[in-house]
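Asks: Structure provided below as structure tokens; questions to follow.
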Amino acid sequence: FNENCQISTMSNDLCPQSRLGFVSDPVTDNDADGCEDATEDSDDDNDGYFDTGDDCPLESGTSSNGLVGCLDTDYDGYSDSTDVFPLDTSQWADSDNDGFGDELLGIDGDYCPTIFGNSTQDRIGCLDSDGDGYSNPDSSWSTNLGADAFPEDATQNFDGDGDGYGDNADGNQPDFCPTVPGTSTADVFGCRDSD
């Protein structure tokens, strides 16, 4: 452009080093900017990353963590090829491959990122032996915090009075007296049995 905002009539002002007879096409000019990729275009995909530091020099992208200059659909900085969750900006890694992301504060953040788990109720992504959604208790998560009081029984998960009988009336051996600890077993479970 000249000072009067008219298109300059000089040809190839932007790319003066193109070889004689150069014709811009998808093979010789990936980003269609008129500059010959092989001899003068230092950013063949025109994504702002020079080809020498661009891990995907022929594919425009914004990734900057790990691979640089590659496609990053969710714009979280991680390339789609390395992002386990390419459509979720809050997650990008899943160390234990359980489907829950390592970023605890992200969507469905894994409370146990190095242990494969399928719990979804009290904690997400922790070991759940009986598959009822409640995680097994461990050294950092007790039944008082919400862990499964019956990790081997999918019909029970909570025992409010701590007597060993579950509070779910429809589950196995339901506690007939859920707020009073008891040892009865003959007629009902979990009520006082003085003798």
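Asks: Can you name every residue in the range 102-128 that is open to solvent by 50 Å² or more (accessible area, probe 1.4 Å) and without any contact (Cβ under 8 Å) to a residue 24 or more places away in the chain?
Replies: Listed by number, the residues that qualify are Glu103, Leu104, Leu105, Ile107, Asp108, Thr114, Ile115, Phe116, Asn118, Thr120, Leu127.
Asks: Do we find a residue being at pLDDT below 85 and of a type in the set (Asp, Glu) anywhere in the range 7-27?
Replies: Yes, there is a match, as at least one residue in the range 7-27 is at pLDDT below 85 and of a type in the set (Asp, Glu).
Asks: Restrict the check to the range 70-77 and report whether at least one residue is in contact with a Gly (Cβ under 9 Å, 6 or more places away or on another chain), within 17 Å of Glu103 (Cα to Cα) and either assigned to a loop (DSSP other than H, G, I, E, B) or of a type in the set (Val, Ile, Thr) (or both).
Replies: The answer is yes; a qualifying residue exists.
Asks: Sort out which residues of the range 85-101 are touching a Pro at 6+ places or on another chain (Cβ under 7 Å) and open to solvent by 40 Å² or more (accessible area, probe 1.4 Å), and write them in order of number.
Replies: Passing the criteria: only Ser95.
Residue-wise test of (1) at pLDDT below 95; (2) in contact with a strand residue (DSSP E or B) (Cβ under 9 Å, 6 or more places away or on another chain); (3) β-branched (Val, Ile, Thr).
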{"site": "Ala154", "(1), (2), (3)": "no, no, no"}
{"site": "Gly182", "(1), (2), (3)": "yes, yes, no"}
{"site": "Gly190", "(1), (2), (3)": "yes, yes, no"}
{"site": "Asp195", "(1), (2), (3)": "yes, no, no"}
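Asks: For the range 153-171, indicate whether the set of residues that are more than 29 Å from Ile115 (Cα to Cα) and open to solvent by 70 Å² or more (accessible area, probe 1.4 Å) is non-empty.
Replies: The answer is yes, given that some residue of the range 153-171 is more than 29 Å from Ile115 (Cα to Cα) and open to solvent by 70 Å² or more (accessible area, probe 1.4 Å).
Asks: Which number in (1) over 20 Å from Thr28 (Cα atoms); (2) touching a Phe, Trp or Tyr at 6+ places or on another chain (Cβ under 8 Å); (3) buried (at least 17 other Cβ atoms within 10 Å of the Cβ) marks the one condition that Ser79 misses?
Replies: (2)
Asks: Moving on to the next point. Return the residue satisfying two criteria in turn: it lies in the range 52-74 and is open to solvent by less than 40 Å² (accessible area, probe 1.4 Å) and of a type in the set (D, E, K, R), and of such residues it is modelled with the lowest pLDDT.
Replies: Asp54
The values are calculated or read from the model by the stated rules, or taken from the named source; none is laboratory data. If you're wondering where the values come from, they're calculated on a predicted model, not measured in any experiment. With ideal geometry, Cβ positions are generated from the backbone for all residues, glycine too; neighbour counts draw on all protein chains shown. All accessible areas refer to the heavy atoms of the entire protein, side chains included, with ligands and DNA or RNA removed. Shrake-Rupley method; radii C 1.70, N 1.55, O 1.52, S 1.80 Å.
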